[in-house]
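Report on one structure; see the data block that follows.
The values are calculated or read from the model by the stated rules, or taken from the named source; none is laboratory data. Nothing here was measured: the structure is a model prediction, and the numbers come from that model. Positions of Cβ are backbone-derived with ideal geometry, glycine not excepted, and every protein chain shown enters the neighbour counts. These accessible areas exclude ligands, DNA and RNA; they are computed on the full protein's heavy atoms, side chains included. Shrake-Rupley method; radii C 1.70, N 1.55, O 1.52, S 1.80 Å.
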Amino acid sequence: MQRHYFIAVRLPEEVKYYLSEVARKVSSLYSFKRWVHREDYHITLAFLGPSEEQQWKACMEDITKEIAFMSPFQLHVSHVGVFGLSERPRIFWCGLSENEMLGTLQKKVAQACKQHQYRIDEKPFRPHITMARKYEGSVNFTQEDLRRCNLVLNEGITFMGNAVTLYESHVEKEQKYQALQTIYIGK
């Protein structure tokens, strides 16, 4: 099976723990086919798809140079949302408060990837952390349900965005993403 790769902001352990508690509470209320493993939480910056090691290593070298002069920055998980049909969402996610530095980081990563012949999605960047996939409830998911989920998230959580990681996908495993290389911002 051919492996796929992506580059993402790595989340600190305390954020993964907080989000796993949100997922535990929400999963007791709403049925989704698959809840994301706690260790797989991340903020995708660029999806690379299939890749040769030499290609992704060269790309990561360029990303290292691009972000060397950036400083770590604060991020805040502030709300939940869904992608797909609102009544039968395909993705349930936690979103982040708008952050200019995160947008700058994503642009730098995307540009480096394009220079290494990766096809990067041109849609606007919508930073989020996927929590669950494919709603399976017996009744439609509603705006009231989304409001309840936001109450579970409470005030959210703030953390420092300080690392970019290259992940390899292993769709056949319970924990689907393996970290291959991490770059610390500003180092």
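In Å², and per residue, what accessible area does the chain have when probed at 1.4 Å with the other protein chains present?
Averaged over the residues of the chain, the accessible area is 55 Å².
How big is the range 111-187 along each principal axis, measuring the range of its Cα positions in Å and listing the largest first?
That gives 45, 31, 28 Å along the principal axes, largest extent first.
How big is the range 46-95 on each of its three principal axes, counting only the C-alpha atoms and giving the largest first in Å?
Rounded to whole Å, the extents work out to 43, 31, 10 Å.
Take the alpha carbon atoms of the range 1-63, find their center, do the same for the range 146-163, and report the distance between the two centers in whole angstrom.
Their Cα centres are 17 Å away from one another.
Under 12 Å between alpha carbons, and skipping anything fewer than 8 positions from K134 in its own chain: which aspartates and glutamates qualify?
E87
Over 29 Å between Cα atoms: which of K25/K65; K16/K107; K16/K173 fall into that group?
K25/K65
I need the per residue convex hull volume for the range 104-149, using only the alpha carbons, in cubic angstrom as a whole number.
131 Å³
Quick one, can you get me the convex hull of the C-alpha atoms of the range 41-187 expressed as volume per residue in Å³?
Dividing the Cα hull volume of the range 41-187 by its residues yields 126 Å³.
If you average the sequence gap of Cα pairs under 8 Å that are 6 or more apart and divide by the length of the range 43-122, what percent do you get for the contact order?
It rounds to 41 percent for the range 43-122.
Using DSSP to call loops (not H, G, I, E or B), can you name the GluC sites (Glu not before Pro) in the range 98-155 whose Cβ has at most 16 other Cβ atoms within 10 angstrom?
Sparse-neighbourhood loop GluC sites (Glu not before Pro): E98, E122, E136, E155.
Around I120, what is the net charge, scoring Lys/Arg as +1 and Asp/Glu as -1 over all other residues with Cβ under 11 Å from its Cβ?
Residues close to I120 contribute a combined charge of +2.
With runs of 4+ DSSP H residues as the only contributors, calculate the mean residue ellipticity of the chain at 222 nm using -39,500 (n - 2.57) per run, divided by the residue total and rounded to the nearest 500.
-10000 deg cm²/dmol
Can you list the HN-Hα couplings for the range 114-127, worked out from phi with the Karplus curve (6.51, -1.76, 1.60; θ = phi - 60°), rounded to whole Hz and with x for Gly and Pro?
In residue order, the calculated couplings are 4, 5, 10, 6, 8, 8, 9, 4, 8, 5, x, 5, 10, x Hz.
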